[in-house]
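Working notes, structure below.
The values are calculated or read from the model by the stated rules, or taken from the named source; none is laboratory data. Worth saying up front: this structure is predicted, and the values here are computed from it rather than measured. Cβ placement follows ideal geometry from the backbone for every residue including glycine, while neighbour counts extend to all protein chains displayed. Only protein heavy atoms, including side chains, enter the accessible area calculation; ligands, DNA and RNA are left aside. Shrake-Rupley method; radii C 1.70, N 1.55, O 1.52, S 1.80 Å.
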Amino acid sequence: MSKHFFMPAINIIFITPYPPGEAPSQRFRFEQYPDSLKNNGFIYTLAPFLNKRGWGTLYLNGQYLKKAGHLMFGFIKRFFLLFTLTKYSHVFIHREAAPLAPPVFEWFIAKILRKKIIYDFDDAIWLEDPQEKGTLLSRLKWKGKVKNIIRWSYKVSCGNEYLAQYARPFNKNVIVNPTTIDSESLHNPTLYKTVNSGKVTIGWTGTHSTLPYLQPLIPVLDVLETEL
């Protein structure tokens, strides 16, 4: 008589900065793999810091009271989330649990709850933003927390070798996990009708905060448009 052994499902929570379907880093790092996770025995939950209303308000000019309210709501959600984490075997943290303040939540998850943290980042998030250098906002973001989260993590997933080189002095279990695109169900030319057949189409993906870095490339794109 044959015996059948069933592996219990792995219950994992994704602690993310942004609501699902909004930020490119989340979309390309893990949001495009839900079917793969399910097919490989994972049960997963998404826990964003900001909801869609907060995300939509964050980059508006002014609206300081609304922004503060959404940030406060995010911190309250994070506090109550801590009481639910006992049921998860792994905690996947993308970039940070909260956009401001020291890594209190990450410390509690690693040191008090003793959870296995998979820490994922695809940018040099430990560096100070040039436009915010020396400001109160820069100090509130507490960029130095990145190395601490790396130290406390069970595994660190980096988008490229440069990021991995930064992480390795703080953690021995660092892997390079390149950012990829879904060429079958999303970034597939056969799924879309081309308006200008025969013309080269260049796409850009990013957020409001990285949009200024696209500005210097506009003259180059203008030249390409006339020559291609």
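Summary of values
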| item | result |
| --- | --- |
| Residue selected from the range 61-81 under the condition open to solvent by 50 Å² or more (accessible area, probe 1.4 Å), of a type outside the set (S, T, N, Q) and touching a helix residue (DSSP H, G or I) at 6+ places or on another chain (Cβ under 8 Å), by the criterion nearest to Leu37 (Cα to Cα) | Phe73 |
| Long-range neighbours under 6 Å by Cβ, at least six apart or interchain, first residue at pLDDT below 75 within the range 199-228, second hydroxyl-bearing (Ser, Thr, Tyr) and open to solvent by less than 90 Å² (accessible area, probe 1.4 Å) | His208/Tyr59 |
| Some residue of the range 27-41 being in a loop (DSSP other than H, G, I, E, B), in contact with a Gly (Cβ under 9 Å, 6 or more places away or on another chain) and open to solvent by 40 Å² or more (accessible area, probe 1.4 Å) | no |
| Inter-residue pairs, beta-carbon under 6 Å, first closer than 27 Å to Glu161 by Cα and in the range 124-139, second among the acidic types (Asp, Glu) and open to solvent by less than 80 Å² (accessible area, probe 1.4 Å), 6+ apart | Ser138/Glu128; Ser138/Glu132 |
| Pair list, Cβ under 7 Å, 6 or more apart: the range 27-38 residue more than 14 Å from His187 (Cα to Cα), other residue crowded, with 19+ Cβ neighbours inside 10 Å and among the aromatic types (Phe, Trp, Tyr) | Phe30/Phe14 |
| Odd one out for Leu46 among (1) over 23 Å from Pro178 (Cα atoms); (2) part of a strand (DSSP E or B); (3) among the hydrophobic types (A, V, I, L, M, F, W, C) | (1) |
| Filtered residues of the range 82-100 (kept if hydrophobic (A, V, I, L, M, F, W, C), open to solvent by 30 Å² or more (accessible area, probe 1.4 Å) and under 27 Å from Thr179 (Cβ atoms)) | Leu100 |
